[in-house]
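Written below as structure tokens is the structure these notes are about.
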Amino acid sequence: MTVETATFATAADLLDAVQPATGGREMLDPATGAVVGRAPEHTAADLEAAIAAARAAQPAWGALTHAERGAAMNSAADAIEANAEALAELLSREQGKPLNGPNARFEVGACSAWLRATASFELEPEVLFDDEGGRAELHYRPLGVVGAIGPWNWPMMIAVWQIAPSLRMGNTVVVKPSGNTPLSVLALAHVMNTALPADLLHVVAGRRDVGALLVEHPDIAKIMFTGSTGAGQKIIKDSADTVKRLTMELGGNDAGIVLPDVDAQAIAQDLFWGAFINTGQTCAALKRLYVHEDVYDDVCAALVEVARNVPMGVGLDENNVLGPLQNKSQYDIVANLVQAAKDSGARVLIGGDPDESAPGYFYPTTLVADIDNDNPLVAEEQFGPALPIIKYSNLDAVIEQANALDVGLGGSVWSADRDRAIEIASRIQSGTVWINKHGAVDPRMPFGGMKQSGFGLEFGVEGLKHLGAPQVINY
């Protein structure tokens with residue numbers, strides 16, 4: 001499929017394409033408070049129209065071969081790459097994340113890469129048996145229209161995590177973005193739609209009541225949701241009457257366990273970015289760090305040294321790699337949890353002293369040591385740039401502490417002995433356990449949570465299967 005790619009020179013050009021001619025809701029830059037643009041406030045009628053159009057377009061799209069759908073997805077990836085800088089600038093201004101580091105440019109690049117990877121996966125019918133008794137094959141058919149509800153922390157990338165496998169399996173998609181970052185998702189979809197066939201992908205940027213209607217709608221076959229456990233619980237309840245399929249990637253409070261055989265200096269950078277990627281606003285970021293007493297002081301010192309040298313500031317400044325919290329509510333959560341830790345007598349190694357007079361929702365990079373395991377900063381998900389570091393002496397006891405919470409998205413083990421680390425990883429109750437890294441995702445590697453961190457898988461061939469209806473043909 002050859003498509004002439006449309007290009008937008010600047011973020012302002014993209015905004016002109018997606019914001020309403022009049023009215024709408026002002027979106028503010030969380031770093032400066034400046035107006036980024038105006039987001040449309042779509043209504044129930046807009047949602048109905050989007051679902052109807054997506055439903056009408058689905059049969060023809062589903063009838064194409066995997067190769068034909070893959071070609072269209074690669075064209076959409078071409079369009080993203082042609083508009084990468086404008087998309088990154090808009091994302092930086094609306095979400096707050098810097099252009100550089102593992103942030104805005106990285107996120108936009110991940111969108112095109114994920115589309116291409118997902119388009120390349122092969123999902124052939126599986127022969128279950130073929131003998132004198134007959135033959136049985138397992139096929140996966142399109143579901144219909146998928147409702148995708150995304151968060152504000154990685155708004156473009158997570159939207160693609162939902163869109164790409166849905167389209168690859170022959171479904172059409174209606175996206176409900178977070179009310180905090182609608183412009184980013186509207187712009188991404190607009191760029192993709194310059195290359196995709198009409199009506200495969202719609203974005204409805206309404207308020208929560210519109211999201212609730214999407215969940216309840218009888219013409220939506222599946223909901224993919226990334227967000228908090230509380231919001232996920234409501235979606236599960238609201239979707240019950242229509243018996244929707246669900247993929248739920250919910251809250252996490254990932255634990256990392258550092259064994260006494262590590263070289264603190266060697267692992268410090270990876271530890272830091274495991275916790276502070278996207279300024280800590282990542283579901284599968286490292287949020288509780290358990291360090292053996294033999295290397296505790298060394299790890300703390302090494303992390304402080306890294307933190308001192310990582311610049312935080314306005315995202316459009318090319319020097320910065322950490323940004324603000326995306327919204328005031330999240331800023332308050334982080335500030336209150338750190339204050340509770342300070343009040344309890346925990347030791348702040350760096351940070352913990354925000355400048356309340358400065359513009360933007362900046363909370364300084366904060367490391368907290370000598371903290372009890374039941375402190376709120378440890379027991380509750382902070383989702384921001386504050387990491388508690390807990391000292392331990394007994395491995396069995398610390399594995400029990402790591403597993404004690406009702407969430408289980410990710411975890412990590414840090415050791416010079418890979419085999420030992422793998423053995424410990426098998427005892428951690430989380431959907432993914434990383435060895436000597438944290439939070440690394442790959443489009444080929446299934447991803448999902450245990451316990452109240454959700455259910456269903458994303459990514460890879462296994463993720464594709466969750467966007468299809470399994471059908472057995474026996475003959």
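The values are calculated or read from the model by the stated rules, or taken from the named source; none is laboratory data. None of these values were measured; they are calculated from a predicted model. Reconstructed Cβ throughout: ideal geometry from the backbone, glycine too, with neighbour counts over all protein chains shown. For accessibility, only protein heavy atoms count, side chains too; no ligands or nucleic acids. Shrake-Rupley method; radii C 1.70, N 1.55, O 1.52, S 1.80 Å.
Summary of computed values
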item	result
Model label zone, ASP417; criterion: amide N under 15 Å from point 7 Å along Cα-to-beta-carbon; scope the range 253-269	258-263
Rounded tilt (10° steps) of 296-308 against the dominant C-alpha axis of the chain	60
Hits among aspartates and glutamates - C-alpha to C-alpha of LYS328 under 13 Å, sequence gap 8 or more where chains match	ASP29, GLU356
The range 411-475 and the range 30-71: distance between their alpha carbon centers, rounded to Å	29
The range 13-172: projected area of the alpha-carbon convex hull, averaged over directions, in nm²	12.1
Options TRP114, ALA67, ALA12, ranked by Cα towards positive dipole end of the range 1-128, top entry (Cβ charges)	ALA12
Three-way shape label, the range 300-366, alpha-carbon gyration tensor, a/c 1.5	oblate
Accessible carbon and sulfur surface of the chain relative to its total accessible area, %, 1.4 Å	50
Folded to 0 to 90 degrees: helix 44-63 orientation relative to the chain principal axis, Cα	70
Under 5 Å, built H, 5+ apart or other chain: amide partners of TYR392	VAL291, HIS292, GLU293
Too-long pairs where the Cα-Cα distance tops 31 Å, listed order kept, from LYS234/LYS287; LYS244/LYS451; LYS97/LYS234; LYS97/LYS465	LYS97/LYS465
Cα gyration tensor shape for the range 377-425, rounded if a/c is under 1.5, else prolate or oblate	prolate
log₁₀ of I(q)/I(0) at q = 0.11, 0.13 Å⁻¹ - the chain, Debye sum with one point per alpha carbon	-0.90, -1.21
HN-Hα J in Hz across the range 258-272 - Karplus 6.51, -1.76, 1.60, θ = phi - 60°, x for Gly and Pro	9, 7, x, 8, 7, 9, 4, 5, 5, 9, 4, 4, 5, 4, 4
Radius ratio Rg over Rh of the range 378-475, counting only Cα atoms, Kirkwood formula for Rh	1.06
Per residue accessible area in Å² of the chain, where ligands, DNA and RNA are left out and the probe is 1.4 Å	39
Residues listed by number, the range 375-413, amide nitrogen under 20 Å from ASP297 label point at 7 Å toward C-beta	389-394
Approximate spin-label separation GLU122-ALA340, in nm, with each point projected 7 Å along Cα-to-Cβ	5.2
Nearest 10 degrees, 0 to 90: helix 229-238 Cα axis against the chain principal axis	30
Cα-projected label distance for GLU68 with ASN474, points at 7 Å along beta-carbon direction, nm	3.2
Nonlocal amide H pairs with VAL36, under 5 Å, H built at 1.01 Å	MET27, LEU28, ASP29
